[in-house]
Structures are given as structure tokens and as C-alpha cells.
1. Please indicate, with yes or no, whether at least one residue in the stretch 52-66 is surrounded by 19 or more Cβ atoms within 10 Å (Cβ to Cβ) and at pLDDT 95 or above.
2. Assess whether Ala83 counts as being outside the structural domain of Leu242 (by TED's automatic domain parsing) and either more than 20 Å from Ile166 (Cβ to Cβ) or away from the ligand (no atom under 12 Å from the Cβ) (or both).
3. Of the numbered conditions (1) outside any helix (DSSP H, G or I); (2) of a type outside the set (Phe, Trp, Tyr); (3) not assigned by TED's automatic domain parsing to the domain that holds Gly109, Ala212 fails exactly one; give the number of that condition.
4. What's the number of the only condition in (1) away from the ligand (no atom under 16 Å from the Cβ); (2) assigned to a strand (DSSP E or B); (3) in contact with an Asp or Glu (Cβ under 8 Å, 6 or more places away or on another chain) that Tyr232 fails to meet?
5. What number of residues within the stretch 235-260 are touching a strand residue (DSSP E or B) at 6+ places or on another chain (Cβ under 6 Å), hydroxyl-bearing (Ser, Thr, Tyr) and part of a strand (DSSP E or B)?
6. Got at least one residue in the stretch 223-235 being of a type in the set (A, V, I, L, M, F, W, C) and either in contact (Cβ under 8 Å) with a residue 60 or more places away in the chain or in contact with a Gly (Cβ under 8 Å, 6 or more places away or on another chain) (or both)?
7. If only one of Ile166, Ile161 is touching a strand residue (DSSP E or B) at 6+ places or on another chain (Cβ under 9 Å) and assigned to a loop (DSSP other than H, G, I, E, B), which one is it?
Amino acid sequence: MRDRVRGVKSGGKCVGFVPTMGFLHEGHLSLVRASVRSTDYTVVSIFVNPAQFAPHEDFKDYPRDRERDLELLRSEGVHAVFAPLPDALYPEGHRTYVEVHGLQDRLCGKTRPAFFRGVCTVVLKLFHIVGPDVAFFGQKDAQQSIIIRRMVPELDLDVRIEVCPIVRDDDGLALSSRNAYFDGAQRKAALCLHRSLEMARVKITGGERDAARLIHAIRGDIQAEPRAKIDYVEIVDTKELLPRDTAREGDLIALAVYIDGVRIIDNIII
Ligand code: AMP
């Protein structure tokens, strides 16, 4: 991978990179298209990163379809796919991890304490192996983008980070590989995430700024869905991810909800 990209860069070309865990959908493909459009050479990684799954989480069951992924990437004009085996990135005895203190403990970090350490470690490793000029991430994982954006200058990495908008199905559900776990009824129940965020958006447009009242309204809307169990609903600033008393323009409303035990996330920027 390194040799390939070195060759490309020595020809003066700009290299774009899209890290994914595969089982690709239109959300991933929007990042791929952004890269193909704005760079000369696009690399996509497919790697279900064991370091970001807790022992009780779905690492083994995470949906995978390598052939279909490769077919999709081929038809998007991707130049190279990097799909290492877990042992190649984490050989026996691996000991080195990257942490972004504070930020990694908030929002999703409360229920997934080792998650962002796993994400940052693999993203840094992939950046070192691929050596891209630009890397593309999705706003769907808002906290992840914020943490990566923080890590890059703090570790003096020479890569530009682009964050692309959330891609949703027609009914508003944010696309996610984990939506594959849902049957019809569960998928319908999962619409409560987007619905509650849109309801909050309407309240904000109407002048409501009190974070506690907005969160209360969002929680009430989600709790009306019997299959849903809230992990968190928070309104935070996008630098330190700290809770706001009063919501401001540019703040993040983020939530995580279990639908019959499957944890999904969504967010909006005010
Ligand atoms: P994943 O395969 O879940 O690790 O996601 C790989 C990249 O795709 C991450 O940067 C995600 O934020 C992004 N992504 C996933 N779902 C969406 C979506 N619905 N819209 C935009 N980007 C997404």
C-alpha cells in the first residue's frame, strides 16, 4: 500500500482516503464520491477494527460482504482498496494506542469507554500506511470527526480532514451498516431518532434555546416508542463536547438509542 501511494505521489498526484468498516452503503459512497471528485487517486480501506469493539459488542457478527463492497468501489472509480487482516495491524503483543483525553470520554465514550482509543489508533495507523493528502469522514459519526480533527494537528499529521453530510434514507433514517440488523418493525421504530431531532429543530426555529427543555422533549418523543431505550441525548459545543445550558447556533445535538438492543446514533448541528 505504502509503495503504491509513494509512486502515485511522486507523480505529483493528490491522494484521497476513505476509511470504512465495509458493508458499504450510500453514506460511505458519498465520501468515496467526494474523494474521487476532489483528488487524483482514491484509496478506500475496509477493516473491521477489533480495537474499537468491547468484548460484549458485535465484532464477530458485524455485517461483511467483501465481494459486493469491491464491486461498488470499482464502479465508483476507486483506485485502490486496502483491506488488511486484523493480525496485520495488530500482531500478537500490540501495546501502542492513541487517546484523545476528555473528548473520548464524552457522549458515546460513556457507554463505549475504549471505542475512540480504538478508532484513533486505527485511523493513525491507516494514515501512516496510506499517507493521504485528504481523508474523508461522515458527520453521521459527529464525535469521531471532532476527535480526529483534534488528533491530526496535535500529532502533527500532514493530512486535511473533510467531513461530509449525513446521508439518510427517504424516510429520514441515517444510513448505517448496523441497520442490516433490523426487521421491518424495528426499522420503523428506529425512525424515532431522526423524528425527535427534527422536532427539536422546529422548536429551536420557534425560539426555544433552553437545553434541558429541548432534551426533555427529545427524550419524551423517543420514549413513546416502546422498542427504543435511550443511551444518551445531549446538546454540546463542538470543540470540547461539553453540555450547554443554552443551545447556540453551531452546537451539536447528539443521541444514541438502542432499538431492541441494537445501538444506533444520530445528530444534527443547530
Ligand atoms: P463505518 O464503516 O461505519 O466505520 O463508517 C465509515 C465512514 O462512513 C465514517 O466516516 C462514517 O462517519 C461514514 N458514514 C457512515 N454512515 C454514514 C452516513 N449515513 N452518512 C454519511 N457518512 C456516513
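The values are calculated or read from the model by the stated rules, or taken from the named source; none is laboratory data. These numbers come from a predicted model, not from an experiment. Every residue, glycine as well, gets a Cβ built from its backbone with ideal geometry; the counts of neighbours run over all protein chains shown.
1. Checked the stretch 52-66: at least one residue is surrounded by 19 or more Cβ atoms within 10 Å (Cβ to Cβ) and at pLDDT 95 or above.
2. Yes.
3. Looking at each condition in turn, Ala212 falls short on (1).
4. (3)
5. Residues flagged as touching a strand residue (DSSP E or B) at 6+ places or on another chain (Cβ under 6 Å), hydroxyl-bearing (Ser, Thr, Tyr) and part of a strand (DSSP E or B) within the stretch 235-260 amount to 1.
6. Scanning the stretch 223-235, I find no residue that is of a type in the set (A, V, I, L, M, F, W, C) and either in contact (Cβ under 8 Å) with a residue 60 or more places away in the chain or in contact with a Gly (Cβ under 8 Å, 6 or more places away or on another chain) (or both), so the answer is no.
7. Ile166
Yes/no matrix, rows are residues, columns are (1) within 13 Å of the ligand (Cβ to nearest atom); (2) crowded, with 19+ Cβ neighbours inside 10 Å; (3) more than 18 Å from the chain's Cα centre (by Cα); (4) over 28 Å from Val18 (Cβ atoms):
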{"site": "Asp133", "(1), (2), (3), (4)": "no, no, yes, no"}
{"site": "Phe137", "(1), (2), (3), (4)": "yes, yes, no, no"}
{"site": "Pro153", "(1), (2), (3), (4)": "no, no, yes, no"}
{"site": "Arg160", "(1), (2), (3), (4)": "no, no, no, no"}
{"site": "Pro165", "(1), (2), (3), (4)": "yes, no, no, no"}
{"site": "Arg168", "(1), (2), (3), (4)": "yes, no, no, no"}
{"site": "Asp183", "(1), (2), (3), (4)": "no, no, yes, yes"}
{"site": "Ala200", "(1), (2), (3), (4)": "no, yes, yes, yes"}
{"site": "Lys203", "(1), (2), (3), (4)": "no, no, yes, yes"}
